[in-house]
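The values are calculated or read from the model by the stated rules, or taken from the named source; none is laboratory data. What you are looking at is a predicted structure, and each value in this text was computed from that prediction instead of being measured. All Cβ positions, even for glycine, are placed from backbone atoms using ideal geometry, and neighbour counts span all protein chains on display.
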């Protein structure tokens with residue numbers, strides 16, 4: 001994990017002529033027609049010491065909630081594979097036609113990962129196994145998000161590592177290296193190999209709640225239909241190969257310096273150490289279940305283009321925390337005194353902004369049986385073994401959360 005703020009790195013790069021060359025991403029001119037939601041802005045989510053960021057804070061894939069029944073969701077995912085996309089064709093542009101990264105070397109104001117809902121669903125459609133159980137489609141979308149974010153965070157890691165080289169040698173390399181390495185391809189093959197390796201890695205080692213039998217093999221088959229570099233991701237999936245190819249990529253960036261500026265071409269340097277890597281192995285030395293790149297300082301933006309798939313606005317939501325839950329008079333009357341400590345813990349878990357897994361621990365889910373105009377009802381578990389649940393009213397206009405009812409599963413209709 002990096003302890004240096006990227007905002008400080010960008011400010012320092014401004015003093016190196018040629019390090020930052022403003023240019024518009026090819027997809028930028030199409031973004032204006034869609035709402036862009038900030039999912040993760042690191043400067044707003046620092047840790048207590050203000051210098052580093054917690055890995056758990058960017059487990060965004062676990063924070064996806066989809067307000068569609070299983071039939072509508074499965075139809076939208078299956079239809080997305082053949083729905084024309086304004087962002088590109090994976091057979092021509094690889095995984096980056098589904099989501100993309102904007103470099104801070106190109107756009108220091110709007111840099112970060114852009115994740116369109118249409119691309120998310122399209123990727124989910126490509127990794128769904130033939131024998132898939134429809135009740136797990138929500139998990140499939142979360143798994144697709146995990147894979148896409150892992151891919152794009154590798155581009156962030158390359159951006160970050162090249163900036164470290166530029167600051168050490170007081171000379172630009174990122175812009176020129178990408179021109180040289182992408183000549184004839186339109187992309188940097190070794191970087192896309194590393195990125196798709198991270199994508200496959202994230203899907204293979206997904207946490208249990210996202211694990212879907214057969215999804216990894218479908219993801220692998222999908223990468224093999226992509227252009228050179230992208231289709232070689234399988235060779236960058238293992239921990240050792242990932243580090244080796246990461247080292248090769250950053251070394252190639254360093255080779256673009258003028259020889260009088262940098263001795264990098266001849267020194268035995270582990271360039272992979274310049275990338276902001278999270279845990280690659282667990283305490284037993286096995287491949288870690290976390291994504292390989294620590295993306296805690298990388299902004300993530302959700303592109304609300306669900307209209308392309310005929311999905312109603314507001315059906316896809318990212319809820320990483322609920323900082324404030326009010327309590328109605330009815331709720332206060334229904335809440336048993338002995339449940340007060342458990343309810344307090346539930347509110348604390350909902351409010352924690354840095355650990356989305358707390359949202360999972362209370363089993364937050366939509367409860368459509370009590371829908372009212374302008375209000376959506378969500379159900380949450382009160383305590384781990386009490387058998388009680390609370391219903392939260394979520395008001396669309398001001399995003400208020402009000403605990404309105406509480407009771408055992410029978411009373412609450414579960």
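Would you call residue 347 part of a helix (DSSP H, G or I) and modelled with pLDDT of 90 or more? Steps first, answer last, please.
On the way: part of a helix (DSSP H, G or I): yes; modelled with pLDDT of 90 or more: yes.
So residue 347 fits the description; yes.
Out of the residues in segment 356-373 that are assigned to a loop (DSSP other than H, G, I, E, B) and surrounded by fewer than 17 Cβ atoms within 10 Å (Cβ to Cβ), state the one that is modelled with the lowest pLDDT. Result: 371. When the residues of segment 169-190 are filtered to those that are in contact with a helix residue (DSSP H, G or I) (Cβ under 7 Å, 6 or more places away or on another chain) and within 24 Å of residue 16 (Cα to Cα), the one that is surrounded by the fewest Cβ atoms within 10 Å (Cβ to Cβ) is 181.
For segment 216-248, a residue qualifies if it is without any contact (Cβ under 8 Å) to a residue 60 or more places away in the chain and not in a helix (DSSP H, G or I), and the qualifying residues are 224, 228, 237, 238. When residue 334 is tested against (1) over 18 Å from residue 64 (Cα atoms); (2) surrounded by 13 or more Cβ atoms within 10 Å (Cβ to Cβ); (3) under 30 Å from the mean Cα position of the chain (by Cα), exactly one condition is not met: (3).
Residue selection: residue 85 fails the criterion of being touching a strand residue (DSSP E or B) at 6+ places or on another chain (Cβ under 9 Å), modelled with pLDDT under 95 and closer than 22 Å to residue 295 by Cβ. All of (1) in a helix (DSSP H, G or I); (2) under 28 Å from residue 91 (Cβ atoms); (3) in contact (Cβ under 8 Å) with a residue 40 or more places away in the chain hold for residue 213 with one exception: (1).
Would you be able to say whether some residue in segment 16-31 is within 30 Å of residue 376 (Cα to Cα) and either at pLDDT below 90 or under 23 Å from the mean Cα position of the chain (by Cα) (or both)?
Yes, that holds for at least one residue.
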